[in-house]
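Structure record follows, encoded as structure tokens.
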Amino acid sequence: MNDQEKLCLELARIGAVKFGVFTLKSGLKSPVYIDLRLLVSHPDVLKLVGKVIGGLAKAKGLKFGRIAGIPYAAIPIATAVSLEFGWPMIYPRKEVKEYGTKKAIEGEYRKGETILVIDDLITTGLSKVEAIAPLEAEGLKVRDIAVLIDREQGGRKELEAKGYKLHAALTVSELLEALKGNGKMDA
């Protein structure tokens, strides 16, 4: 069993894959909800996620100086990738603090650096574009975005139209096929 298939089974085991009727952030309705915020409570699975996403970046030969996790679900994921591969990390803030340093981006970086953006999953791509804006506003270059799961609902096409390349460790179809093939769900 490869790491991707093992990860699918682990996501089911921890209850991160839910079935029912769910409204996604995009407003779309879905019979499947993938709750990757649960990863913080399962360090063994979070470590595997870091290995899988970082391994994807290495296998694709992506070139970058550091990684950036999108708040909030991807910050622990990017941290796991950073720890597993030794890649420095930053993250854009959802809201800029009105006190202290008032930074829009936390962590060290230099203008002109290329950043690999990491997120948990992608549906339409809108939240990725919003999260990338403060990075680019600070003079950072973003070409590639790595996600754990592509929900296959137009996000890849949306990002490509804006000049970004999406790299997904899994598609929702692959996740569901692995669960079905291992008896964790029926047709």
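The values are calculated or read from the model by the stated rules, or taken from the named source; none is laboratory data. On a predicted model such as this, the values are computed, not experimentally measured, just so you know. All Cβ positions, even for glycine, are placed from backbone atoms using ideal geometry, and neighbour counts span all protein chains on display. Heads up: the accessible areas ignore ligands, DNA and RNA and are worked out on the full protein's heavy atoms, side chains in. Shrake-Rupley method; radii C 1.70, N 1.55, O 1.52, S 1.80 Å.
Of L140, L176, which residue is more than 15 Å from S26 (Cα to Cα), out of contact with any Ser or Thr (no Cβ under 7 Å at 6 or more places or on another chain) and open to solvent by less than 30 Å² (accessible area, probe 1.4 Å)? Let's see the steps before the verdict.
Working: L176 fails: open to solvent by less than 30 Å² (accessible area, probe 1.4 Å).
Answer to the selection: L140.
Being of a type in the set (A, V, I, L, M, F, W, C) and surrounded by fewer than 15 Cβ atoms within 10 Å (Cβ to Cβ) is the requirement here; does F85 meet it? No.
Counting just the residues of region 10-24 that are small (G, A, S) and more than 17 Å from D186 (Cβ to Cβ), which one comes out nearest to the chain's Cα centre (by Cα)?
Residues of region 10-24 small (G, A, S): 12, 15-16, 20.
Filter again for more than 17 Å from D186 (Cβ to Cβ), leaving 15-16.
Values: G15: 18, A16: 14 Å.
Among them, the one singled out is A16.
Checking the structure you have, find out if any residue of region 23-41 is of a type outside the set (F, W, Y), surrounded by 20 or more Cβ atoms within 10 Å (Cβ to Cβ) and not in a strand (DSSP E or B).
Filtering region 23-41 down to residues of a type outside the set (F, W, Y) leaves 23-32, 34-41.
Those left that are additionally surrounded by 20 or more Cβ atoms within 10 Å (Cβ to Cβ): 34, 36, 39.
Then keep just the ones that are not in a strand (DSSP E or B); that gives 36, 39.
For region 23-41, residues of a type outside the set (F, W, Y), surrounded by 20 or more Cβ atoms within 10 Å (Cβ to Cβ) and not in a strand (DSSP E or B): present.
In this structure, does L126 turn out to be open to solvent by less than 20 Å² (accessible area, probe 1.4 Å) and in contact (Cβ under 8 Å) with a residue 24 or more places away in the chain? Can you show your working first?
Values: open to solvent by less than 20 Å² (accessible area, probe 1.4 Å): no; in contact (Cβ under 8 Å) with a residue 24 or more places away in the chain: yes.
In short, no.
Pairs needed: first member in region 1-29, closer than 15 Å to L176 by Cβ and of a type in the set (V, I, T); second member anywhere, open to solvent by less than 20 Å² (accessible area, probe 1.4 Å) and assigned to a helix (DSSP H, G or I); C-beta distance under 9 Å; at least 6 residues apart or different chains. Pairs that qualify, where the first residue is closer than 15 Å to L176 by Cβ and of a type in the set (V, I, T) and the partner is open to solvent by less than 20 Å² (accessible area, probe 1.4 Å) and assigned to a helix (DSSP H, G or I), are V17/C8; V17/L11; V17/L175; V17/L179.
Please tell me if D150 is under 20 Å from F64 (Cα atoms), surrounded by 14 or more Cβ atoms within 10 Å (Cβ to Cβ) and not polar (S, T, N, Q). Walk me through how you get there before you give the answer.
On the way: under 20 Å from F64 (Cα atoms): no; surrounded by 14 or more Cβ atoms within 10 Å (Cβ to Cβ): yes; not polar (S, T, N, Q): yes.
No; evaluated as a whole, the condition is false for this residue.
Quick check, is E136 modelled with pLDDT of 95 or more, over 17 Å from the mean Cα position of the chain (by Cα) and over 24 Å from C8 (Cα atoms)? Here the answer is yes, as E136 does meet what is asked.
Residues in region 91-108 that are at pLDDT 95 or above and either in contact with a Lys or Arg (Cβ under 6 Å, 6 or more places away or on another chain) or open to solvent by 90 Å² or more (accessible area, probe 1.4 Å) (or both): E108 alone. For region 53-63, a residue qualifies if it is open to solvent by less than 10 Å² (accessible area, probe 1.4 Å) and either at positive phi or among the aliphatic types (A, V, I, L, M) (or both), and the qualifying residues are I53, A57.
I'm checking my understanding of the structure. Among residues of region 72-91 that are outside any helix (DSSP H, G or I) and farther than 11 Å from V117 by Cα, which one is nearest to the chain's Cα centre (by Cα)? Spell out how you get there, then give the answer.
To start, the set of residues in region 72-91 that are outside any helix (DSSP H, G or I) comprises 72-73, 86-91.
Going one step further and asking which of them are farther than 11 Å from V117 by Cα, we end up with 72-73, 86-88.
Values: Y72: 10, A73: 8, G86: 18, W87: 16, P88: 16 Å.
Step by step, filter region 72-91, then rank; the result is A73.
Taking each residue of region 62-88 that is in contact (Cβ under 8 Å) with a residue 24 or more places away in the chain and within 21 Å of G139 (Cα to Cα) and looking for partners that are outside any loop (DSSP other than H, G, I, E, B) and open to solvent by 50 Å² or more (accessible area, probe 1.4 Å) with beta-carbon atoms closer than 6 Å, six or more apart or interchain, yields A68/Y91; G69/Y91.
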